[in-house]
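Take a look at the structure set out below.
The values are calculated or read from the model by the stated rules, or taken from the named source; none is laboratory data. Bear in mind that the values here come from a model prediction, so they are computed numbers and not experimental data. Virtual Cβ from ideal backbone geometry, glycine too; neighbours counted across all protein chains shown.
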Amino acid sequence: MREGVRVALITGRPLATAQTMVGIDNAAYAANHGLEYWLDGRVELTEGVERYAALVERIVSDATHLEAVGVQIESKGLGVAFHYRRAPDAEAARVAILQAIDSSAAQHFAISGEQRDCDMYTGRAVGGKWDPLRWRRPDGPRYVSSSQEFA
């Protein structure tokens with residue numbers, strides 16, 4: 001990069017994946033839909049995200065049966081997305097995804113004894129993105145720009 005130029009990259013991919021793809025070490029990254037940041041040579045996580053790592057792992061593990069109905073499971077480390085665009089019966093796949101996530105979450109909270117203070121949301125043909133901190137994390141572009149010196 002040219003001296004005096006700051007670069008910020010915003011992506012839904014996990015931080016490590018983004019850094020490998022882009023290869024600019026001294027850039028700022030807002031990754032994984034704002035759950036992970038790379039700022040001034042260090043990783044920052046959105047506050048509280050660590051406590052959901054086990055839940056995300058459980059959801060991914062419990063949902064492998066969905067691949068048989070045409071669902072692609074994309075683990076993002078701190079989150080997971082279920083893609084069902086190519087499923088033969090998209091609506092049936094969507095319903096199966098939502099049921100699988102809800103079942104895994106219910107079991108997780110029953111075993112852990114934690115209060116269920118998170119939920120899932122759906123996007124366009126991405127059923128059940130599990131994002132427990134959707135409403136509590138900082139806005140990626142604003143957070144990166146306020147944490148860096150951009151001219």
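A few notes on this one:
- Those residues of the stretch 1-21 which are surrounded by 13 or more Cβ atoms within 10 Å (Cβ to Cβ) and within 19 Å of the chain's Cα centre (by Cα), in sequence order: 8, 9, 10, 11, 12, 13, 14, 15, 16, 17, 18, 19
- Only residues that are within 19 Å of residue 11 (Cβ to Cβ) and of a type in the set (A, V, I, L, M) were counted in the stretch 43-72, giving 4.
- Odd one out for residue 103, checked against (1) of a type outside the set (Val, Ile, Thr); (2) within 16 Å of the chain's Cα centre (by Cα); (3) modelled with pLDDT under 90: (2)
- Picking from residues in the stretch 23-65 that are among the charged types (D, E, K, R) and within 30 Å of residue 103 (Cα to Cα), the one that is surrounded by the most Cβ atoms within 10 Å (Cβ to Cβ) is 36.
- Qualifying residue in the stretch 66-76 (condition: in contact with a Pro (Cβ under 8 Å, 6 or more places away or on another chain), in the same structural domain as residue 113 (by TED's automatic domain parsing) and surrounded by fewer than 22 Cβ atoms within 10 Å (Cβ to Cβ)): yes
- Residues in the stretch 1-22 that are modelled with pLDDT under 90 and over 30 Å from residue 100 (Cα atoms): 1, 2, 3, 4, 5, 6, 7, 8, 9.
- In the stretch 92-99 there is no residue matching the filter, namely being among the polar types (S, T, N, Q), surrounded by 15 or more Cβ atoms within 10 Å (Cβ to Cβ) and at pLDDT 85 or above.
- Each residue in the stretch 77-88 was checked for being within 27 Å of residue 110 (Cα to Cα), crowded, with 21+ Cβ neighbours inside 10 Å and either in contact with a Lys or Arg (Cβ under 7 Å, 6 or more places away or on another chain) or at pLDDT 90 or above (or both), and 1 pass.
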